[in-house]
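**Q** Handing you this structure, nothing more for now.
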Amino acid sequence: IVGTSGGIYSIPKPTSDEAITPGNMRDKFNTAYDCGSVPALPLNNTMVFTQRENRILRELTYDIGNYKYKGARELTLLSGHITGTGGLTQIGAQQHPSTILWGIRTDGEAVSFTYEKDEGVYAFARHVTDGEFISVATASSSVGDELWFCVKRTIGGSDKYYIERM
């Protein structure tokens with residue numbers, strides 16, 4: 001899957017074991033929704049991506065019956081304000097024990113999106129801290145996915161960066 005400012009394309013594997021080259025590449029247009037600068041994430045058998053200004057989250061789903069990607073449903077349709085006026089700078093995924101998409105906003109706040117598609121659960125929440133969230137990462141553990149943030153805090157008049165686990 002390749003996301004561009006002009007839409008989303010899929011590039012199927014060449015018929016043999018050769019590398020993709022300009023001579024054997026066959027791209028297929030999937031949807032006209034433009035893509036933002038935040039890297040997309042695979043989540044719940046879908047691809048979650050931001051649109052151009054990184055304010056709208058969409059999902060691209062593969063339709064196995066028709067052998068193609070379909071739609072790009074807007075996940076932020078009922079919560080357009082949640083990504084803030086500047087949009088997101090990064091997204092990350094926590095899959096166990098619950099599926100939660102995490103985002104870092106340009107204003108330093110974090111947002112979470114509980115995303116249990118099969119059960120019809122879609123819920124956003126905003127998270128603030130004494131400082132600014134800079135980035136988010138997840139790591140697998142024996143009890144579920146651990147959530148880690150880089151947080152900038154001002155201590156004694158100077159900025160300090162901390163790696164914190166939620």
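The values are calculated or read from the model by the stated rules, or taken from the named source; none is laboratory data. Predicted, not measured: the structure shown is a model, and the values here were computed from it. Cβ coordinates were reconstructed from backbone atoms using ideal geometry, including for glycine residues, and neighbour counts include every protein chain displayed. Ligands, DNA and RNA are excluded from the accessible area calculation, which covers all protein heavy atoms including side chains. Shrake-Rupley method; radii C 1.70, N 1.55, O 1.52, S 1.80 Å.
**Q** Positive end of the dipole of region 1-123, charges at C-beta (+1 Lys, Arg; -1 Asp, Glu), about the Cα centre: which of 56, 12, 85 has its Cα farthest in that direction?
**A** 12
**Q** Here's something else I'd like to know. Among 17, 130, 145, which one shows the biggest mean-square fluctuation in a GNM of the chain, springs joining Cα atoms closer than 10 Å?
**A** 17
**Q** Give the residue from 110, 154, 120 lying farthest towards the positive end of the charge dipole for region 97-166; charges sit on Cβ (+1 for Lys and Arg, -1 for Asp and Glu) and the dipole is referred to the Cα centre.
**A** Sorting the options by dipole projection puts first 154.
**Q** So how many Å³ per residue does the convex hull of the Cα atoms of the chain work out to?
**A** Working: hull volume 26.8 nm³, N = 166.
In the chain, the Cα hull volume divided by residue count equals 161 Å³.
**Q** Moving on. What does the charge dipole of the chain about its Cα centre add up to, to the nearest 20 debye, if the Cβ of each Lys and Arg holds +1 and the Cβ of each Asp and Glu holds -1? If you can, show how the numbers build up before the last one.
**A** Working: 16 positive and 19 negative charges, 61 e Å.
Here the chain has a charge dipole of around 300 debye.
**Q** Let me ask something else. At q = 0.16 Å⁻¹, work out log10 I(q)/I(0) for region 52-144 with the Debye formula, treating every Cα as an identical point scatterer and leaving solvent out; two decimals please.
**A** -0.73
**Q** Treating the beta-carbon of each Lys and Arg as +1 and of each Asp and Glu as -1, no other charges, what is the dipole magnitude of region 107-166 about its Cα centre, to the nearest 20 debye? List each step's numbers first, then the result.
**A** Numbers: 6 positive and 11 negative charges, 49 e Å.
In debye, rounded to 20, region 107-166 gives about 240.
**Q** For residue 152 and residue 44, what is the calculated FRET efficiency with R₀ set at 25 Å and r taken between the beta-carbons, to the nearest 0.05?
**A** Working: r = 31 Å, r/R0 = 1.24.
According to the calculation, E is roughly 0.20.
**Q** What's the carbon and sulfur percent of the chain's accessible surface, probe 1.4 angstrom, rounded to a whole number? Spell out each step's value before the answer.
**A** Numbers: 4980 of 9640 Å².
Of all accessible area on the chain, carbon and sulfur atoms account for 52 percent.
**Q** Next question. Per residue, how big is the convex hull of region 106-146 when only Cα atoms are used? Give it in Å³. Could the numbers behind the result be given before it?
**A** Numbers: hull volume 4.3 nm³, N = 41.
Measuring per residue, one finds 104 Å³ for the Cα hull of region 106-146.
**Q** Given contacts defined as C-alpha pairs under 8 Å and at least six residues apart, what's the relative contact order of the chain, whole-number percent?
**A** The value is 12 percent.
**Q** Under a 10 Å cutoff between Cα atoms, tell me which one of 141, 37, 16 has the largest fluctuation in the Gaussian network model of the chain.
**A** 16
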